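Take a look at the structure set out below.
What follows draws every value from the coordinates through simple rules; no lab data is involved. Keep in mind it's a predicted model, so treat the numbers as computed, not measured. For neighbour counting, all protein chains shown are included, and Cβ atoms are generated from backbone atoms with ideal geometry for every residue, glycine included.
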Amino acid sequence: MNTINILEKFGQFEEHWTPKIIGELNGQYVKLAKLKDDFVWHSHEEEDELFMVFKGTLIMEFRDRVETIKEGETLVVPRRIEHFPRTENGEEVWVLLFEPRETKHTGEVDFERAVNDQRWI
């Protein structure tokens, strides 16, 4: 049991759309990611995802609406809901994620930037 300085952890990597694991609880990984520009439409058949924005503004598109998540705000994307995370105007966004250990980065969507072998920092 150790205290984790989240801002210090964000300082340990530069890659975008490459989540890093910082903790684990009840079968869930706690991850950090830096996001920039567009990702890919995808869903997760069995897992919900929690996005908490630490820096910037995350845009989460759904087939029927768009949500804007600002610093200090959280969004839970329910399982099976297709979503398209992105940022605007080249902004880098920092997020904390809660996901079950078995969650694939882009669900069943084959995407060249998907990172399913995520590492601990």
Computed helical MRE - 222 nm, the chain, DSSP H runs ≥ 4 contributing -39500 (n - 2.57), nearest 500
-1000 deg cm²/dmol
Which number gives the lysine pairs in the chain that have C-alpha atoms under 20 Å apart and are eight or more places apart or on different chains?
20
Hey, can you rank 91-97, 12-18 by average C-beta count inside 10 Å, highest first?
91-97, 12-18
Charge dipole of the chain about the Cα centre (unit charges at C-beta), most positive-ward option of Ile21, Leu35, Val66
Ile21
Can you give me the distance in nm between label points at Glu92 and Arg119, each placed 7 Å from the Cα along the Cα-to-Cβ direction?
1.8
Dipole magnitude (debye, nearest 20) for the chain, charges at Cβ of Lys, Arg, Asp, Glu:
320
Note, Phe10: beta-carbon cut-off 14 Å, +1 each Lys/Arg, -1 each Asp/Glu, net +1
Tell me the Rg and the Dmax, in Å, that the Cα atoms of the chain produce.
13.4, 42
